[in-house]
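See below for the structure under consideration.
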Amino acid sequence: MAHRIEKEFHGRPLIIETGRMARQADAAVYIQYGETALLVTTTADRKPTHLPFFPLTVEYREKTYAAGKFPGGFIKRETRPGDKETISARQIDRPLRPLFPSDYKNETQVVCFVISADQENDGDVIGLLGSSIALSLSPIPWDGPIAAVRVARMDGKWLVNPTFQDLEMCDLEIVVAGSEDSIVMVEGACLEVTEDEFLEAMEVGQKAITELIAIQREFVEAVGATPKFEYEPMGPNADVVAKVMEQAADRVGDALRIADKEERGRTLSALRKDLTAGLEEEFPDCGSDVGAALSKLEKQIMRSRILDDGVRIDGRGPTDVRDITTEVGVLPRAHGSALFTRGQTQALAVTTLGTVRDEQRIDSVDVSEETSKSFMVHYNFPGFATGEVRFFRGTSRRETGHGMLAEKALQALLPAYEDFPYTIRVVSDILESNGSSSMASVCGGSMSLMDAGVPMRAPCAGIAMGLIKEGDKVAILTDILGVEDALGDMDFKIAGTEQGITAVQMDIKAEGLSVDTMRAALSQAREARLHILGVMKKTLSTAREEMSPHAPRIVNIQINPSKIGEVIGPKGKTIRMIQEQTGADINIEDTGIVTISAVDRDAGDRAREMVEAIVEEPEVGRVYRGVVKNTTDFGAFVEIIPGVEGLCHISELEEGRTESTEDVVKPGDEVKVKLLAVDDRGRLKLSRRAAMAPAEES
């Protein structure tokens, strides 16, 4: 039976409906905000998998018909998800995942189809709301509800779920997800806002989330939730766990005092083998159970040592940052490069400068026309970074997400495109990893941009914060290790400058995180960020004044749009001739902006002179360097500007009497001539003799 409600939420209609579409899914919800609509479904197998992890997949897919468009490219159908779809899927996945039972291992899927796009309202936050409602209605075990909103600030005023048009004028934009009383996920970008301003944005988001959860509860109660199905709890054998806890506590404690990640891993691996061998006679095939028990023991010891003694696995205190080394200019042919190393995490960041032709074309249902982006950050995480053998496949969701986070952190600090008309690509290749490689990418990316001569407003650094919370005991950790991320209660990545925050990403596993704890984490992160910026500045504090000799030189000139055809020429003849003669690359926009790029500065200057010569109007009294196009008995026709010719009479070729024009000049000769006059019919009178005379005579 179909059920539908309609509410108003921050100035736009919110419609929620179930029972009309996709009725064979465990639950399906049609949700509409403004005229953006999604179909959200959720399904789950009734039997657990053999996998040692919870196999949840969240898909967010945009249908191009949603905006009345065809897919771009030769294949006129949707193919692999784009970056926007991948990021949206991650934003939905991260708040949902912790709310499933820890011993639930049934394969579960949440699918969000964008089936209508009004090009004003983003579907990502609506997707999480629909996912929460679908899971609440379904028989799948899940401890919701939750919701998400987008919070932005424009002219000092807070906006909830602003339109795409509003976002263009905002200095802060974050997506906040949470329950009625706590925040569980935050992600977004800012223009160097303070920590207090960021906290205020989260409070605005929490209030709006409470409104959405009240709407959810009303809808679910009216429809009636399906009873949750019974599932087979998947966990280690309790007897094996008890024996491991009894036999291995001291040895695990000793292993966790080893600061080096690889040595610690080898020690724990050897311990697992010893325990498995000793228990296999009583418990055959107990290897996975032993591993699970050791992980549980490792988590208990690590957390208690931090809370009780203030000592972390690598011996640091809660606020200590690992040793940092920085290098720039490490690659001879790259336009800009940096090697950033923090403890056992290392990023090689490389900047490439290109022209308008290198911009990335984006075809999205969120905009009416194809758009492009001139700045991009790409993050790669090969297996060898953690000492593993792993196939090279397509870019993972994690890699896409980390690259996008670094991109948001750095983009706010770039010069305006009009002042620095380059397409910029930063690639961060992670060479080693033991925690927070995304923030290492921010630091390395900032330094490689400055090494490339990009005039950034300020250097940018990032730090990852963690949390250990047991009852009333709380420890906030600076610069977390990989194991502290995995076994802790929070992963809070904060990037910014000395002045303020430019990007954030936070996931919280603990419930009831107070505002005071959040404020303390932000304050502690700021101190760490300032420390890292201080280390970076010792290597390179500002952008280099000179770019790499291998980088293109780009200049923009504005011409009258009516002259575009003259620069291009018939069938592109003129512009091709300029490019062939100079080696420069020329691009012309409909507005009359001509972009000239060339690695050789002289080539760029020559191309600029040629373009300016085409669009300029002949100036009486000016000396031009022209080419003789034709000779006659009465003089020579000289082209002083491409497409503009004048007559140099035989009497104006040189001093004295000239018997024949070709005694002085021949077709193809390059000569200097002075423009003496333009008659009422537009004919040009030139003089070679006047151009050759001394300045005071001419």
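The values are calculated or read from the model by the stated rules, or taken from the named source; none is laboratory data. Everything numeric in this text was worked out from a predicted model, so none of it was measured. Cβ: placed from backbone, ideal geometry, glycine included. Neighbour counts: every protein chain shown.
I'm checking my understanding of the structure. Among residues of the range 139-172 that are among the aromatic types (Phe, Trp, Tyr) and outside any strand (DSSP E or B), which one is nearest to the chain's Cα centre (by Cα)? The selected residue is 164. Of the residues making up the range 506-521, those that are part of a helix (DSSP H, G or I) and surrounded by fewer than 21 Cβ atoms within 10 Å (Cβ to Cβ) are 515, 516, 517, 519, 520. I'd like to check something: does the range 534-548 contain any residue that is under 28 Å from residue 323 (Cβ atoms), assigned to a loop (DSSP other than H, G, I, E, B) and among the polar types (S, T, N, Q)? Yes, some residue in the range 534-548 is under 28 Å from residue 323 (Cβ atoms), assigned to a loop (DSSP other than H, G, I, E, B) and among the polar types (S, T, N, Q).
Residue-by-condition table, conditions (1) touching a residue at least 24 places away in the same chain (Cβ under 8 Å); (2) surrounded by 15 or more Cβ atoms within 10 Å (Cβ to Cβ); (3) assigned by TED's automatic domain parsing to the domain that holds residue 145:
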site: 165; (1), (2), (3): yes, no, yes
site: 168; (1), (2), (3): no, no, yes
site: 181; (1), (2), (3): yes, no, yes
site: 189; (1), (2), (3): yes, yes, yes
site: 192; (1), (2), (3): yes, yes, yes
site: 205; (1), (2), (3): yes, yes, yes
site: 228; (1), (2), (3): yes, no, no
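Any residue in the range 286-294 that is assigned to a helix (DSSP H, G or I), surrounded by fewer than 16 Cβ atoms within 10 Å (Cβ to Cβ) and of a type in the set (S, T, N, Q)? Looking through the range 286-294, at least one residue is assigned to a helix (DSSP H, G or I), surrounded by fewer than 16 Cβ atoms within 10 Å (Cβ to Cβ) and of a type in the set (S, T, N, Q).
Checked against the criterion of being touching a residue at least 40 places away in the same chain (Cβ under 8 Å), surrounded by 20 or more Cβ atoms within 10 Å (Cβ to Cβ) and not basic (Lys, Arg), the range 394-402 contains one or more residues that satisfy it.
The strands (runs of 3 or more DSSP E) found entirely in the range 565-647 that carry 2 or more residues being touching an Asp or Glu at 6+ places or on another chain (Cβ under 6 Å) are 623-632, 635-641. Contact map, the range 144-160: first residue closer than 16 Å to residue 197 by Cβ, second residue of a type in the set (D, E, K, R) and in a strand (DSSP E or B), Cβ cut-off under 6 Å, separation 6 or more or different chains; pairs are 152/173. The condition of being surrounded by 12 or more Cβ atoms within 10 Å (Cβ to Cβ), touching a residue at least 24 places away in the same chain (Cβ under 8 Å) and small (Gly, Ala, Ser) does not hold for residue 668. Only residues that are closer than 30 Å to residue 10 by Cβ and not in a helix (DSSP H, G or I) were counted across the range 208-262, and they come to 2. Of the residues 604, 643, 635, the single one that is touching a residue at least 60 places away in the same chain (Cβ under 8 Å), touching a helix residue (DSSP H, G or I) at 6+ places or on another chain (Cβ under 9 Å) and of a type in the set (Gly, Ala, Ser) is 643. If the condition is being touching a Lys or Arg at 6+ places or on another chain (Cβ under 8 Å), surrounded by 19 or more Cβ atoms within 10 Å (Cβ to Cβ) and closer than 19 Å to residue 353 by Cβ, then the range 554-589 contributes 584, 585. For the range 303-323, filtered to residues that are within 17 Å of residue 261 (Cα to Cα) and in contact with a strand residue (DSSP E or B) (Cβ under 8 Å, 6 or more places away or on another chain), the residue that is surrounded by the most Cβ atoms within 10 Å (Cβ to Cβ) is 312. Among the residues of the range 525-532, none qualifies, meaning not one is surrounded by fewer than 18 Cβ atoms within 10 Å (Cβ to Cβ), at pLDDT below 90, outside any strand (DSSP E or B) and in the same structural domain as residue 387 (by TED's automatic domain parsing).
Flag: residue 120 does not match the condition of being in contact (Cβ under 8 Å) with a residue 12 or more places away in the chain, surrounded by fewer than 20 Cβ atoms within 10 Å (Cβ to Cβ) and assigned to a strand (DSSP E or B).
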